[in-house]
Amino acid sequence: MSAPRKGALKEVQAKAGKPAPAQEKRPGFAPETWFPAPVWSRHVPDHERINAHILSVLEELEANDRAITRSNVGGWHSAADLHLRPELSEIRRIIGNACAGCATHLSFDFDRFELIFQEMWLNRNGPGDFNKAHVHPNSILSGAYYAKVPPLCGNIEFYDPVRERVMSTFPVKERTRANTQAMEYKGKEGLLLIFPGWLQHSVQPNRSEESRVSISFNMGFRKKAG
Ligand SMILES: [Fe+2]
């Protein structure tokens, strides 16, 4: 066994039957975490019925409306004004209520301001389609609701917004929330994910033979009237 280099802090060995100090429970020693990057998730009840309706709306839109391109490479991306369509009012209400809960968590001032939908759109990623890494500029809260999720259709990946952290990477025994610089969520039908618009994310390529369908949205705010 080689002698530790001068100045190196030795790993503290546990004595028989006793945990090493690093493993001891130390109440009050956990750090306070500042500048969080929250991702909220919720499973929408009755999503089978809601999703069947969303898929029928998608079919109609694809037949009659134009597609646009944003972060998507391939796939079909609707116009971004679907929050104005009465046929999608139910999912709009569900998303809006969930976002209000997230904003309350962030101490948003609902006395003087209100949250508003800025954009809402439908995505259909076919086999091989994906979304490049991107943010949603000028959006307080953004997210995705999953209407159709075949196996292997691509997870959504989130990236550590603190770019400076790459300047002090260090070896770790395991990836945890405290040290990771990327993480991913597997989509699931009925899952609603909400996150700050500044949190960079991408969607992996769809490796299935079927399409993956989701609704995305951007929330803003305005001063209340009066
Ligand atoms: Fe996005």
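How would region 72-190 be classified by its alpha-carbon gyration tensor: rounded, prolate or oblate, with rounded meaning a/c under 1.5 and the a/b versus b/c comparison settling the rest? Oblate, because a/c is 1.5 or more while a/b does not exceed b/c. What translational diffusion coefficient, in µm²/s and rounded to a whole number, does the Stokes-Einstein relation yield for the chain at 25 °C and a viscosity of 0.890 mPa s, taking the hydrodynamic radius as the Kirkwood radius over Cα pairs? It diffuses with D of about 121 µm²/s by this estimate. Among the trypsin sites (Lys or Arg not before Pro) in region 66-155, those located in a DSSP loop and surrounded by at most 16 other Cβ atoms within 10 Å of their own Cβ are Arg66, Arg70, Arg112. Relative to the current alpha-carbon distance between Arg93 and His105, full extension at 0.36 nm per residue lengthens the span by 2.5 nm. The C-alpha atoms of the chain define a longest principal axis, and helix 47-64 lies at about 60 degrees to it. Between the amide H of Gly75 and those of Gly126, distances stay under 5 Å, these residues lying 5 or more places away or on another chain, with hydrogens modeled in the peptide plane. Only lysine pairs 8 or more places apart, or on different chains, with alpha-carbon atoms under 26 angstrom apart are counted in the chain, and they number 15. Applying the Karplus relation 6.51 cos²θ - 1.76 cosθ + 1.60 with θ = phi - 60° to region 178-192 yields 3J(HN,Hα) values of 7, 10, 6, 10, 7, 8, 9, 10, 8, x, 8, 4, x, 7, 10 Hz, where x marks Gly and Pro.
A simple spin-label model places the labels of Arg85 and Arg175 3.5 nm from each other, with each point 7 Å out along Cα-to-Cβ. Fully extending the segment from Lys186 to Arg70 would add 39.6 nm, taking 0.36 nm per residue of separation and subtracting the current Cα-Cα distance. Peptide packing: for 205-211, 180-186, the average count of neighbouring Cβ atoms within 10 Å per residue gives the ranking 205-211, 180-186, highest mean first.
Values quoted throughout were computed directly from the atomic coordinates according to the rules given, and no laboratory measurement underlies them. Since the model is a prediction, treat every value here as computed from it, not as a measurement. Methodologically, a virtual Cβ is constructed for each residue, glycine included, from the backbone with ideal geometry; neighbour enumeration extends over all protein chains shown.
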